[in-house]
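Peer 1: Below you'll find the structure I mean.
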Amino acid sequence: MTATNQTTVLVIGAGIMGAGIAQVAAQAGHPVFLFDLREGAAGDAKRKLGATLDGLVAKGKLAAETVAATLANIEPIARLDAAAAAGVVVEAIVENLDAKRSLFRALESLLSADAILCTNTSSISVTAIANGLEHPGRVVGMHFFNPVPLMKLVEVVHGLLTAPDVADRAFELARSWGKVPVHARSTPGFIVNRIARPYYAEALALLQEQATTPQVLDACLRAAGFRMGPCELMDLIGHDTNFAVTRSVFEANFGDKRYVPSLIQREMVDGGLLGRKSGRGFYGYPEGTPPLPPSACGPVPTARNVTVHGAGPVAQALVSAASRILESQGGLAQLAPDSPWIGIEVDGARLMLSDGTPAHEVARRGGLSDVVVFDLPLCRPVAAATPLAYSVHAGTSASWQAAAASWLQALGYAPQRMQDAPGLIVARTVAMLINEAADAVQQGVCTPEGADAAMKLGVNYPAGPFEWLAQWSGAGVIAVVEALDAAYRGERYRVSPWLRRRAGIWEHSFGHACRDDEIH
Ligand code: NAI
């Protein structure tokens, strides 16, 4: 039986997720049974939905008939055996393996043999939920995102024994509900909750070593195109929830250091600083994120012997800025496009695009004193003052510190000085997101396209990790992760073998585009 919109859907659990799932199924025309263990909860959820939809009718966003049809499709039931005709079950009960297992066992004897059993679990193995069933192949994950009616992504999660046609039916069902389904293998965190870990983890690691402040982190990552910075986002999600997900991914990976939770976050949870919901997290609420103080840089001082090093968009932007500035000073910039680094050199002092190496290490290796490194400008500056992080080698003269900041300002950035940490903020975060996504692809969790869609739709990233990779370069990402590994040692910053292999192919491809099937 294929799941057409004639198929009766049984949604179990009428909480925040179950109510949303019932709504989208009913809106797509399915007859929906809604059941909750707590007496009256399913009826309450339907009434609450009615009130929300009526509000949308009053605002002219929905037709009254559409709302009436949706509500008519939802039948709260007090006993599960009233739903024996259901062809599809979506379970959204408490996040507990035993509860989910025993529910599915009870359903197996109630429903017809071809009914499919979908779980909305966000962290439990789909394989484990199916264990003990007579037909474990009929269990599949349908991982919706909150709020269900608005979020397009559904991870269709395959357990070890999930039958391919069952996964296909869940996939088609999600599509027919107006969602964008993405296939995922049942591994800790699935796609989104796994690949997103570094977005929080790298911010927390930088805070732990006091490299910068939540405000600067948030401002720089927002400037890179993220809708919210990591600290304000953790405040929104709730540190208790975010910490619980991090712990679950860490523990499910047998304590892999890559996913190690943060002491900072634990302390915040222990102290009740849960974010918006408790009135205080990194920021106080309702005030929220305070604006950054304006940066006060003077004009670029008169310069002789200016050389722009390297090629690519950042070098190009530097050439334009240098030409503009030197024209007014009666000078001319030299170009060194074949240079191994990108940036400008003024009378021997360097302002360099970060390749991951901290400024002090660049200075040590080159026997230099005036070294400033700046973060990856993932987006062109959009406003006059787009925040961008930079750091300074301790031996750098005060005059070059000031001049380097002025150069960054002349490029359209509001320079944000931070401690000399490898990969600064954006390069470090994005490199680790790409690295995590590459590992997920290597482990068969998802395809590159699936990862891109999942991250854009599930957590609103401005681009997918593989889109960033195409824009940046495999070698560039590897350099940043290697610099992190060199600085911190340990197992956390391991370059994904997938990335290394792919970068190797790029280096030897002599300009030919590689297809993914050449790489796997
Ligand atoms: P919730 O606490 O709002 O709702 C759960 C509902 O299930 C409650 O009404 C409870 O009475 C009912 N329930 C508990 N045990 C039951 C049982 N054995 N039979 C029938 N009903 C039972 O929880 P929420 O947030 O809706 O989460 C539900 C599931 O969705 C969990 O597995 C969670 O991990 C997952 N999920 C949650 C997301 C979120 O952002 N809240 C996002 C994606 C997945």
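Peer 1: Across the stretch 250-273, what is the number of residues that are in contact with a Pro (Cβ under 9 Å, 6 or more places away or on another chain) and surrounded by fewer than 21 Cβ atoms within 10 Å (Cβ to Cβ)?
Peer 2: Residues that pass the stated criteria total 5.
Peer 1: Quick one: which of Ala82, Ala78, Ala25 is under 22 Å from His143 (Cα atoms) and within 16 Å of the ligand (Cβ to nearest atom)?
Peer 2: Answer to the selection: Ala25.
Peer 1: Please tell me if Thr162 is in contact (Cβ under 8 Å) with a residue 12 or more places away in the chain, more than 14 Å from the ligand (Cβ to nearest atom) and either crowded, with 20+ Cβ neighbours inside 10 Å or more than 18 Å from Val249 (Cα to Cα) (or both).
Peer 2: Here the answer is yes, as Thr162 does meet what is asked.
Peer 1: Pick from Gly137, Gly189, Gly178: which is more than 15 Å from the ligand (Cβ to nearest atom), among the small types (Gly, Ala, Ser) and within 30 Å of Asp439 (Cβ to Cβ)?
Peer 2: Result of the check over Gly137, Gly189, Gly178: Gly137.
Peer 1: Part of a loop (DSSP other than H, G, I, E, B), within 15 Å of the ligand (Cβ to nearest atom) and under 21 Å from Asn460 (Cβ atoms): is that true of Pro147 in this structure?
Peer 2: Here the answer is yes, as Pro147 does meet what is asked.
Peer 1: Considering only the stretch 101-120, state which residues are over 16 Å from Val88 (Cβ atoms) and either within 8 Å of the ligand (Cβ to nearest atom) or at pLDDT 95 or above (or both).
Peer 2: Arg101, Ser102, Arg105, Ala106 - these are the residues of the stretch 101-120 that are over 16 Å from Val88 (Cβ atoms) and either within 8 Å of the ligand (Cβ to nearest atom) or at pLDDT 95 or above (or both).
Peer 1: Identify the residue in the stretch 1-52 that is among the basic types (Lys, Arg) and touching a helix residue (DSSP H, G or I) at 6+ places or on another chain (Cβ under 8 Å) and, among all such residues, is farthest from Leu71 (Cα to Cα).
Peer 2: Step by step, filter the stretch 1-52, then rank; the result is Lys48.
Per-residue answers, yes or no, for (1) part of a helix (DSSP H, G or I); (2) within 21 Å of Ala184 (Cα to Cα); (3) among the β-branched types (Val, Ile, Thr):
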{"residue": "Val57", "(1), (2), (3)": "yes, no, yes"}
{"residue": "Ala72", "(1), (2), (3)": "yes, no, no"}
{"residue": "Glu95", "(1), (2), (3)": "no, yes, no"}
{"residue": "Ile124", "(1), (2), (3)": "no, yes, yes"}
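Peer 1: Could you please find all residues in the stretch 374-420 being polar (S, T, N, Q), closer than 18 Å to Val480 by Cβ and surrounded by 21 or more Cβ atoms within 10 Å (Cβ to Cβ)?
Peer 2: Ser391
Peer 1: Just to be sure I understand, how many residues within the stretch 126-161 are farther than 13 Å from Phe190 by Cβ and touching a helix residue (DSSP H, G or I) at 6+ places or on another chain (Cβ under 8 Å)?
Peer 2: Here the count works out to 20.
Peer 1: Let me ask something else about it. I'd like to check something: does the stretch 2-11 contain any residue that is farther than 30 Å from Val166 by Cα, within 32 Å of the chain's Cα centre (by Cα) and away from the ligand (no atom under 16 Å from the Cβ)?
Peer 2: No, because not a single residue in the stretch 2-11 is farther than 30 Å from Val166 by Cα, within 32 Å of the chain's Cα centre (by Cα) and away from the ligand (no atom under 16 Å from the Cβ).
The values are calculated or read from the model by the stated rules, or taken from the named source; none is laboratory data. Here the structure is a predicted model, which is why all the values come from computation and not from measurement. Here the Cβ is made from the backbone with ideal geometry for all residues, glycine too, and neighbour counts use every protein chain on show.
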